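Working notes, beginning with the structure itself.
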Amino acid sequence: MVSVVGRLTNRYKTLKGIVKELESVGLLTKAQTFLLLLRIYWRGRMYSMVFETFEEMGNFGFKPNTFAHNVVIDVLFKIGHVDAGIKVLKQIEIPNFLSFSIILSNLCKLNDLVNVKDVLRIMLKEGYYPNVETFEMVLNCFCKVGRLVEAYQVLGVMITLGISLSVNAWSILIYGFCRLHQPDIASLLLEKMVKSGCSPNIVTYTTLFKGFMESEMIPCAFDMLNTMESKGYAPDLLLCNVLIDSLSKIGRYDDALDLFLGMSKWKLVPDSYTFSSLLSTICFSRRFNLLPKLVRGLVVEADLVVCNSLLNYLCKAGFPNLALELYNDMIDKGFMPDNYSFVGLLRGLCGVRRVDEAVKVYLGMVMNYTGLDAHVHTSIIDGLMKNGKYNRAIKLFRRAISEKYPLDAVSYTVAICGLLKSGRAAEAFALYNHMKEVGLSPNVCDTNHSLMKGYLEDNLFVDSSSSDDLPNVAASVG
């Protein structure tokens, strides 16, 4: 029906033209005609025609009903007119459950917490009580942005209305505390969950495991994993992906690789996230030769995340020419590059010593793309220095400072290393002081800390008591 009405619209241009043609073949113009057209335009995402149909209903003497208002509300939200959508809600003489459900769904997608609370309040005042799914949607909206006070208020309303907390609701709350790096409180919630008679599922355990790992509470994380296994839960794909990623980040590369190889015993098929985590593990462990053996026969959809991971792998494994080929292939296939893609491109160009082109590409990025992060700026500085172009690198770095581009501790560390290698120790020390002045804390590694500290002391007579937090030379981009 959408295609048929679409062709009619293209032919007759306006709703009046369509109605006139329908009347010419003997069809009576009724309110149901407009409601049907409204539904079709809505489903077909022909939003301008939705508004025209709604307006013409009144012109033909038909009063839009609640369904018509609901459609208009949904379309207003979809095109970003939030205030107008809420205004239409308040104009409906008799809103129904769907009216509020549509608005809450859209507001939650937008993370518009203020309006979520207001609409929920109006809904309850009108005597419409959200179902479990709607409550969980609102609960998740507050938890994912760390607003746990409001989440508990929603929880209180649920309990007051006699709605039993589902495993999904409990898991959402646990996730909320894990996001705030409070997995100990999340663990207490798990205990309450079990006492209430609600059994955790693998999603709950995965959330807690990840929360403990991200808070560097490694023993607690693996205790949670043991508890899950004792309950008879076999790992699913999501948990395996989280495990591979987590094990890699704490340096347990063998365990991560063994887990990848063992996925077949659980009849799990690796996805793009698994593949990206595997590539990360290989890069961290510097075992680049393992990749061909591990992925033989593996078919993974090449999305942007996979391509970016491959770019990183090829650059670090010493194949910058292949990284450039991959980047060009990504563009040819219609991928929209992001910061990770740009880093791969710049590393590839610098890796094949096309330094002038790398600088030209970088300057084009700065001019044409907003939102470049510190990794992009650092990658060109690091690439130039690896090619011995210290002066050029420092010039670009100072420009980045003056233009207030986002830079982090690694950016400064790379620049300081370049200044030291080019014999400009006084500038290195000045840049180090500037780094501290802008509130960046250097990463410290004992060996390299001592080397830089000694270098500065020998060349500048720096008081060693003021140099305990000199930056980590090894923290430069690998």
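List of remarks:
- Normalised contact order of the chain, rounded percent, pairs of Cα under 8 Å and 6 or more residues apart: 5
- Segment 303-393 pair-distance distribution - Cα-Cα, 10 Å bins, rounded %: 18, 54, 26, 2
- Projecting the Cα positions of Leu407, Leu290, Val269 onto the charge dipole of the chain (unit charges on Cβ atoms of Lys, Arg, Asp and Glu, taken about the Cα centre) puts Val269 furthest along the positive direction.
- Surface/4 estimate of mean projected area, convex hull on alpha-carbon atoms of the chain, nm²: 30.8
- Chymotrypsin sites (Phe, Trp or Tyr not before Pro) within segment 321-372: DSSP coil, no more than 16 neighbouring Cβ in 10 Å: Phe335, Tyr369
- Here each label is just a point 7 Å from Cα along the line to Cβ, and for Glu55 and Glu357 those points are 5.4 nm apart.
- The accessible-area ordering, largest first, of the residues His434, His377, His81 stands as His81, His434, His377, per a 1.4 angstrom probe.
- Three-way shape call for segment 234-301 based on the alpha-carbon gyration tensor, with the a/c threshold at 1.5: oblate
- Across segment 57-71, rounded Karplus estimates of 3J(HN,Hα) from the backbone phi angles (6.51 cos²θ - 1.76 cosθ + 1.60, θ = phi - 60°) give 4, x, 5, 8, x, 9, 8, x, 8, 4, 4, 4, 5, 4, 4 Hz, Gly and Pro being marked x.
- Summed over the residues of segment 310-354 and divided among them, the accessible surface reaches 50 Å² per residue at a probe radius of 1.4 Å.
- Carbon plus sulfur fraction of accessible area for the chain, probe 1.4 Å, in percent: 54
- Ligands, DNA and RNA are left out, and with a 1.4 angstrom probe the accessible area of segment 47-125 is 48 Å² per residue.
- Calculated [222 nm] ellipticity per residue, helices only, for the chain: -22000 deg cm²/dmol; basis is -39500 (n - 2.57) per DSSP H run with n ≥ 4, divided by all residues, nearest 500.
- Counting only heavy atoms of the protein chains and using a 1.4 Å probe, Phe429 has close to 50 Å² of accessible surface.
- Using C-alpha pairs under 8 Å with a sequence gap of at least 6, the mean separation divided by the residue count of segment 125-181 gives a relative contact order of 43 percent.
- When nucleic acids and ligands are ignored and a 1.4 Å probe is applied, Asp118 ends up with an accessible area of around 60 Å².
- For the set Thr53, Thr66, solvent exposure ranked by accessible area (probe 1.4 Å, protein chains only) runs largest to smallest as Thr66, Thr53.
- Accessible surface, segment 234-301, averaged per residue in Å² (probe 1.4 Å): 52
- For the set Met46, Met385, solvent exposure ranked by accessible area (probe 1.4 Å, protein chains only) runs largest to smallest as Met46, Met385.
- The magnitude of the dipole of the chain, with charges of +1 and -1 set on the Cβ of Lys/Arg and Asp/Glu and taken from the Cα centre, is near 1200 debye.
- For His375, the solvent-accessible surface computed with a 1.4 Å probe is close to 110 Å², ligands and nucleic acids excluded.
The values are calculated or read from the model by the stated rules, or taken from the named source; none is laboratory data. Worth saying up front: this structure is predicted, and the values here are computed from it rather than measured. Positions of Cβ are backbone-derived with ideal geometry, glycine not excepted, and every protein chain shown enters the neighbour counts. Just so you know, the surface numbers come from the protein's heavy atoms only, side chains and all, with ligands and any DNA or RNA stripped out. Shrake-Rupley method; radii C 1.70, N 1.55, O 1.52, S 1.80 Å.
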